[in-house]
Amino acid sequence: MELQKRLGLFRINSDGKTLYLNPYSWNKLANLLFLESPAGVGFSYSNTSSDLYTAGDQRTAEDAYSFLLNWFERFPQYKHREFYVAGESYAGHYVPQLSQIIFERNKGIQNPIINFKGFMVGNAVTDDYHDYIGTFEYWWTHGLISDSTYKVLRVTCDLGSATHPSSECTKALALAQQEQGNIDPYSIYTLPCNDTSSLKRRLRGHYPWMSRAYDPCTERYSQVYFNLPEVQKAFHANITTIPYPWKPCSDIVGDYWADSPLSMLPIYQELIACWCQDLVGDTDSVVPVTATRYSIDALKLPTVTKWYPWYDNKKVGGWSQVYKGLTLVTVTGAGHEVPLHRPRQAFILFGQFLKNKPMPR
């Protein structure tokens, strides 16, 4: 549901009850299938409650693959069509792992049911070591943390797990968060949710686009909307079975997350023959552009097209570099969720991805 409200047909108004059309919905370019995964997030659930305490990367990938096989049996008219996997943030693990399963189990099959062509990830958690280095560097170079905290982070966290950090690393991260203050870490130049209403009042009448610009309170509106009984009924959500309200994230699943490999780069190496794309918003401090660039650099892929600006209506929409089997695209001014922050640019990007074409110069 979170992904659907960013790139789907509708977006939620600030009243949490009504919707408005998204002119840059991705379903104008492709058939979209949204999957809430793993079980326990959003409206998804398991009949075995202990599953919420034992979730992890491997089971999530296997469950998603099983879902796809059953879905294609239920809707056979979609079999054998070109199929892509996409996601953002921790889907930097989900997407490559699911893609790997599909890729490997398609081997030797002449006309596979899941006609896998490639995958795309946005501001993706990729490699713990390089993600840490790139994130700390972003915080420091953007003036979000002190020199001393930057040095402590580099010492205590560099070789650890991002999912299960050491106590020393956790303390350093807490200090960094304290130094950053009350910002929206997913979009560092946007006022946090509590400060936006007064801003909109001051700008009303001067900037008519403001009501449709990125609203950091979007998550709050979603939580109200998806918990409306009539909305849950329309979604056929099993509200009699789900023992919890809809929330953007599941604390239980997150707190008890099991296996989380330190790096997805080996999977990238295996799938590089497919079409892979990384898109990155450059104002995100959670999984910033520097982290993605360090991870891609570690793959040591041959460069096909060097770094260049791409354009939308004669304005720079971001920058791109094409590697053998992978394309990196940045979207200027976008935060952690590119389709939410820059819907038009994300729409253009998605269209180019489906055509296997570079971004427009």
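The values are calculated or read from the model by the stated rules, or taken from the named source; none is laboratory data. Because the structure is predicted, anything quoted here is derived from the model rather than measured. Because the Cβ atoms are built from the backbone with ideal geometry, glycine has one as well, and the counts that use them run over all protein chains shown. Ligands, DNA and RNA are excluded from the accessible area calculation, which covers all protein heavy atoms including side chains. Shrake-Rupley method; radii C 1.70, N 1.55, O 1.52, S 1.80 Å.
Quick notes on this one:
- Simple Cβ-charge dipole of the chain, Lys/Arg +1 and Asp/Glu -1, about Cα centre, in debye nearest 20: 1740 debye
- Rolling a 1.4 angstrom probe over the protein heavy atoms with all chains in place gives region 242-296 an accessible area of 39 Å² per residue.
- Largest first, the residues R6, R59 sort by 1.4 Å accessible area into R59, R6.
- Gyration tensor verdict on region 17-172 (Cα atoms; rounded if a/c is under 1.5, prolate if a/b is larger than b/c, oblate otherwise): prolate
- The chain, accessible surface, carbon-and-sulfur percent (1.4 angstrom probe): 54 percent
- Extreme residue, positive dipole direction of region 1-148, given options Y84, Y138, G42 (C-beta unit charges): Y84
- The ellipsoid equivalent to the alpha-carbon distribution of the chain has semi-axes of 28, 27, 24 angstrom, derived from the gyration tensor eigenvalues as √(5λ) and listed largest first.
- Taking the chain and dividing mean pair separation by its residue count, relative contact order in percent (alpha carbons under 8 Å, at least six apart): 21 percent
- Anisotropy class of region 304-361 from Cα gyration tensor, a/c 1.5 cut: prolate
- Counting only aspartates and glutamates at least 8 places from K117 when in the same chain, those with an alpha carbon closer than 16 Å to its own are E82, E104, E270, D278.
- Region 253-361: relative contact order as a whole-number percent, Cα under 8 Å and 6+ apart: 28 percent
- Table column - 3J(HN,Hα) (Hz), region 51-56, Karplus curve with 6.51, -1.76, 1.60, x for Gly and Pro: 4, 5, 9, 10, 5, x
- Averaged over its residues, region 36-133 has an accessible area of 45 Å² per residue, based on protein heavy atoms and a 1.4 Å probe.
- Amide H partners (placed H, <5 Å) of D312, local residues excluded: G317
- Here H164 sits with roughly 100 square angstrom of accessible surface, probe radius 1.4 Å.
- Overall form of region 9-64: oblate. Here a/c, set by the Cα gyration tensor axes a ≥ b ≥ c, is 1.5 or more, and a/b is not larger than b/c.
- Those Cys residues of the chain for which no other cysteine Cβ falls under 4.7 Å: C249, C274, C276
- Computed with a 1.4 Å probe over protein heavy atoms only, the accessible surface of region 299-361 comes to 47 Å² per residue.
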